[in-house]
Amino acid sequence: MSHVFHRQLGHDYPVAVRGEGIEIVDRDGRRYIDASGGAAVSCLGHSHPRVVEAIEAQLEKLPYAHTSFFTSEPSEALADVLVAGAPEGIDRVYFVSGGSEAMEAALKMARQYFLEIGQPARRHFVARWQSYHGNTLGALATGGNRWRRQQFEPLLVDVAHVSPCYPYRGKEPGESDEAYVGRLAAELEATVQELGPETVIAFVAEPVVGATMGAVPAVPGYFQAVREVCDRHGMLLILDEVMCGMGRTGTLFACEQDGVRPDLVTIAKGLGAGYQPIGATLVSRAILEAIRDGSGFFQHGHTYMAHPMACAAGLAVQRAIAEEQLLGRVKIRGARLHAMLEDRFGEHPHVGEVRGRGLFQGIELIADRASKQPFAPEHRLHARIKAEAMARGLLCYPAGGTIDGRRGDHVLLAPPFIVTDDDLDRIVDRLGQAVEGAIEQVSRAAA
Ligand SMILES: Cc1ncc(COP(=O)(O)O)c(C=O)c1O
């Protein structure tokens, strides 16, 4: 009997014992293609020799030094690399141990920024429905997934939510991108007006929505429009690139492709590629200067922040991505994966949309194509697809509640950047079989 408090307490998990390239091997010798990088984490696969070497070297030199006493070589070097590749205006990196911590730091830093510049009335955040920003209380409150929020609702700080940019379901028939963007920007403006513009800290969004919607990028012009609303009211723009950042979409930061400048941007998963737990909040010069020239101290911190081993891993990962020119591969293989998914599912009666950017692709499942009606949530189609895929040696990331936290199913794919064309063939083939198998089960159950 296991004493580990597993995610699903009634479930029997296979024991993962080895990682080889894009595959994970369990104790019984079964091999699984990791087509979702876990949860968009393992961007270099599971056994990259240079990353392993860098971690071992750091372990030999110095495993840990507390950040209230010291800085460290790997954290300084990694911050240099990240700032050099970051959107314009980003100047500092606050290292933490994962995505939720990165979001908490961003929220608190944004609030402290306004205290430093003498605007203490600012206390509200605006975020979007159907987003996920993490499971700690601040991040959970910011997120807009009703299923994840509901039982903790009484503990959550009050965050206002607006509609996501979700063209498949949000756009009216015949509506242009421009008109849709105008409508979403007007909704944000109205929400800010309702809260009182002088009380709003920031607007928070994922440039490409991951876990809760399945790789949904914004339509062109959307992020410029929300940036304008933020600027008009002196609000900050916090972009959550925990999942979509660090090359996943073909550029180091997803927001580069949206042509928008964030004030704070969070990263995590692909930063350490799963070799070590690490996340970071990237901070604009204006925020840095306000805190540096004000109290001089960000009132926050964690024991393991800027952990030397984690930073050494992150540095090796980012160097590997640059030196092996993997972003170019993400673009090429991403386009190929998208085309293959279109080929396989484009006309499928139960797939409404294939979407995504780079090696961050999703499909949305539907019961009826014409009406876009989802499968009944009771069927848990997403869970069946996950199980069917695993039985075929494929790891993908399906989830339910795509539409409103309850209805809708999607599958997210986020394979390692080292994936080959042959791997993509196997991934799409197995995913196709898993989807058919799961839909067949649902049809039988419904009959
Ligand atoms: C966009 C986004 N933000 C934040 C998080 C939280 O990250 P973590 O699970 O590392 O705390 C996630 C995790 O899936 C995420 O996808």
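If only Cα atoms are counted, what is the Rg of the range 293-447, and what is its Dmax, in Å?
Rg, Dmax (Cα atoms, Å): 19.7, 68.
Please list log₁₀ I(q)/I(0) at q = 0.11 Å⁻¹ for the chain, using the Debye equation with identical point scatterers on the alpha-carbon positions.
Results for the chain at q = 0.11 Å⁻¹ read -0.86.
Using modelled backbone amide H atoms (1.01 Å from N, in-plane), which distant-in-sequence or interchain residues come within less than 5 Å of Phe125's amide H?
For Phe125, whose amide H was placed from the backbone, the distant partners under 5 Å are Ala160, Ile201.
Could you derive backbone 3J(HN,Hα) for the range 23-35 from the dihedral phi with the Karplus parameters 6.51, -1.76 and 1.60 (θ = phi - 60°), listing whole Hz in sequence and x where the residue is Gly or Pro?
10, 10, 10, 9, 5, 8, x, 6, 10, 10, 6, 8, 7
Straight-line reach only, C-alpha to C-alpha below 21 angstrom: list the lysines that Lys372 could link to, leaving out same-chain residues fewer than 8 apart.
Lys171
Where the centre of each part is set by its Cα atoms, how far does the range 1-78 sit from the range 336-395, in angstrom?
Spelled out, the Cα-based centre of one part sits 28 Å from the other.
Quick one: grab the alpha carbon gyration tensor of the range 117-161, order the square roots of its eigenvalues as a ≥ b ≥ c, and give me rounded if a/c is under 1.5, else prolate or oblate depending on whether a/b is larger than b/c. Let's see the in-between values first.
Working: a/c = 2.46, a/b = 1.92, b/c = 1.28.
It is prolate, given that a/c is not under 1.5 and a/b is the larger ratio.
If you plug each phi of the range 374-386 into the Karplus form 6.51 cos²θ - 1.76 cosθ + 1.60 with θ = phi - 60°, what whole-Hz ³J(HN,Hα) values come out, in order, with x for Gly and Pro?
x, 5, 4, x, 4, 6, 6, 3, 4, 5, 5, 5, 4
According to the square roots a ≥ b ≥ c of the eigenvalues of the Cα gyration tensor, what is the shape class of the range 1-58, taking rounded for a/c under 1.5, prolate for a/b larger than b/c otherwise, and oblate for the remainder? Please list the in-between numbers first.
Values: a/c = 2.00, a/b = 1.70, b/c = 1.18.
It comes out prolate by the Cα gyration axes.
Can you tally the net charge around Val162? Count Lys and Arg as +1, Asp and Glu as -1, for every other residue whose Cβ sits under 9 Å from the Cβ of Val162.
Summing Lys/Arg as +1 and Asp/Glu as -1 gives 0.
Based on alpha-carbon positions alone, could you give the equivalent ellipsoid semi-axes of the range 235-315 from the gyration tensor, as √(5λ), descending, whole Å? Write out the running numbers ahead of the final one.
Working: eigenvalues 100, 79, 14 Å².
Equivalent ellipsoid of the range 235-315: 22, 20, 8 Å, largest first.
For Gly144, enumerate residues with amide H under 5 Å from its amide H, sequence gap 5+ or separate chain, H modeled in the peptide plane.
Gln130, Ser131, Tyr132, His133
Using mean Cβ contacts within 10 Å as the protection proxy, how do 267-274, 209-216, 30-37 order, highest first?
Values: 267-274: 29.4, 209-216: 27.8, 30-37: 21.9.
The densest-packed peptide leads the list: 267-274, 209-216, 30-37.
Suppose only helical runs count, i.e. DSSP H with n ≥ 4. What mean residue ellipticity at 222 nm does that imply for the chain under -39500 (n - 2.57) per run, divided by all residues and rounded to the nearest 500 deg cm²/dmol? Show your work: numbers first, answer last.
On the way: 15 runs with 178 residues, N = 447.
When only DSSP H runs of four or more count, the value is -12500 deg cm²/dmol.
Taking the highest mean first, how do the peptides 45-51, 138-144 order by number of other beta carbon atoms within 10 angstrom per residue? Mind dumping the intermediate values first?
Numbers: 45-51: 18.3, 138-144: 24.6.
Per-residue Cβ counts within 10 Å, averaged per peptide and sorted highest first, yield 138-144, 45-51.
In sequence order, what are the phi-derived ³J(HN,Hα) couplings for the range 175-186 according to the Karplus relation 6.51 cos²θ - 1.76 cosθ + 1.60 with θ = phi - 60°, rounded to whole Hz, with x for glycine and proline?
Working through the residues one at a time gives 6, 7, 4, 4, 5, 5, 4, x, 5, 5, 5, 5 Hz.
What is the range 107-189 by shape, rounded, prolate or oblate, if you read a ≥ b ≥ c off the alpha carbon gyration tensor as root eigenvalues and call it rounded for a/c under 1.5, prolate for a/b larger than b/c, and oblate otherwise? Let's see the in-between values first.
Working: a/c = 3.16, a/b = 1.44, b/c = 2.20.
Cα axes put the range 107-189 in the oblate bin.
In straight Cα distance, which lysines are under 28 Å from Lys61, not counting same-chain residues fewer than 8 positions off?
By straight Cα distance, Lys61 reaches Lys269.
Pull up all non-local amide H partners of Gly352: gap of 5 or more, or a different chain, and H-to-H distance under 5 Å with H placed in the peptide plane.
Amide H to amide H, under 5 Å and 5 or more residues apart or across chains, Gly352 pairs with Glu364, Leu365, Ile366.
For the chain, give the share of DSSP beta bridges that are antiparallel, in percent and rounded to the nearest 5; count only bridges with both residues there. Provide the component values of the computation, followed by the final result.
Working: 35 of 51 bridges.
In the chain, approximately 70 percent of DSSP beta bridges are antiparallel ones.
In nm, give the distance between the simple-model label positions of Arg292 and Thr420, each being 7 Å from the Cα along the Cα-to-Cβ direction.
4.8 nm
None of the figures in this text is laboratory data; all of them are computed from the coordinates on show. Quantities reported herein were computed from a predicted structural model and do not represent experimental measurements. Cβ: placed from backbone, ideal geometry, glycine included. Neighbour counts: every protein chain shown.
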